[in-house]
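Every number in this text was worked out from the coordinates using simple rules, so none of it is lab data. All values reported here derive from a predicted model rather than from experimental measurement. Neighbour counts run over all protein chains shown; Cβ positions are idealised from the backbone, glycine included.
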């Protein structure tokens, strides 16, 4: 009887161990999905890739080691799907970095170079500085410089990857210029590279101050279509005396037909600048009085008065009017909707909170999370 019990226990242990080594993902065990990932049938391969990418986070440590060998495959499709899956595995796939870096070279298929760049950013997101991270950052930035890649997707993903890595890749910052000036007339693809480069500047924060003048020029040229520019300016800060006046001029010159996607970031940037943004108070107050601030942006605009300190008291009459406002449309002809009752209540509450903060009755509210800190 004792032998039977021991045999059963061993069998149970083996079954549990096997389940841990070969977990079921969706309706298939990992081992079967890996075989499918190696299939010459493109449909089967893509379905396996999708299942592995969407697998729960707790299974990624088991998935990554099984996928890494595909990076050494002679088939380009294998390398492509492997890079995609490993990127979604994140930091647990870091042992794959030495095999991903060579995929950036021009001898690889274009989509493989882009997939490798993206995966490197995902795997090394917010990494701590070390030699491997610096080497990866160097390899990425060369795709816009010494080893310029004619495929815009590669340049875009390389800049996003550097931004994902963050300050640990700061040595590449002087070479961001190529990405920020990546231009061809009427080319959306080139604009996507500039967007990624601006986003990377934002991720670097004040470390990217050397590019502020370029970002301001971009803001005045295409800021309405590229919100990442304003996000980057806000994250870097008012590092010179030209920053706030340019933001104020941009707000002042705004028309009801201009794109509105950058305006919320403008108010958030001014909030981050604190007292340095005092110059913006009369302009923001005028826009609020005239109903040229979209209702969804009104709370952020009101918070500008709070963040600048005593200079914000100039806007107390505006705050008083918004404390009891019952109707507000605001915005532009792009918007045909109206604020909900909850949104109106939030506007009134924000106006009251800001007025009390300026009167010293409430502590100032913290600025919201930097949108440029989020992954694309």
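Taking R0 as 56 Å, what FRET efficiency do you get between residue 327 and residue 58 from their Cβ-Cβ distance, rounded to the nearest 0.05?
Efficiency at R0 = 56 Å is approximately 0.65.
What residue among 327, 185, 76 has the largest mean-square fluctuation in a Gaussian network model of the chain, using Cα springs under 10 Å?
185
Could you sort the peptides 63-74, 106-117, 228-239 by per-residue average Cβ neighbour count (10 Å cutoff), highest mean leading?
228-239, 106-117, 63-74
Any idea what angle helix 2-21 forms with the longest principal axis of the chain, computed on alpha-carbon atoms, 0 to 90 degrees, nearest 10?
In the chain, helix 2-21 runs at an angle near 50 degrees to the longest axis.
Hey, what did region 57-108 get for relative contact order, percent, Cα under 8 Å, at least 6 apart?
Computed over region 57-108, the figure is 38 percent.
Tell me the label-point distance for the pair residue 241, residue 147, using the 7 Å Cα-to-Cβ offset, in nm and rounded to one decimal.
Placing both labels 7 Å along Cα→Cβ, they lie 4.5 nm apart.
For the chain, what does -39500 (n - 2.57) per DSSP helix run (n ≥ 4), summed and divided by total residues, give at 222 nm, in deg cm²/dmol to the nearest 500?
That calculation yields -17000 deg cm²/dmol at 222 nm.
Taking Cα pairs under 8 Å and at least six residues apart, what relative contact order does the chain come out at, in percent?
RCO, the chain: 9 percent.
Among 21, 225, 78, which one shows the highest mean-square fluctuation when the chain is modelled as a Gaussian network with alpha-carbon springs under 10 Å?
Top of the fluctuation ranking is 21.
Could you list 211, 297, 190 in order of exposure, starting from the residue whose Cβ has the fewest other Cβ atoms within 10 Å? Intermediate results must be reported in sequence, preceding the final value.
Working: 211 24, 297 20, 190 17.
Ascending number of Cβ neighbours within 10 Å: 190, 297, 211.
Of the residues 49, 150, 187, which exhibits the maximal mean-square fluctuation in a Gaussian network model of the chain defined by a 10 Å Cα contact cut-off?
Of 49, 150, 187, the most mobile in the Gaussian network model is 187.
Percent relative contact order of region 126-187, based on C-alpha pairs within less than 8 angstrom and at least six residues apart?
Taking the mean separation of contacting Cα pairs over the length of region 126-187, I get 45 percent.
Just order 196-207, 315-326 by mean Cβ neighbour count inside 10 Å, highest at the front, would you?
Listed from highest to lowest mean packing, they are 196-207, 315-326.
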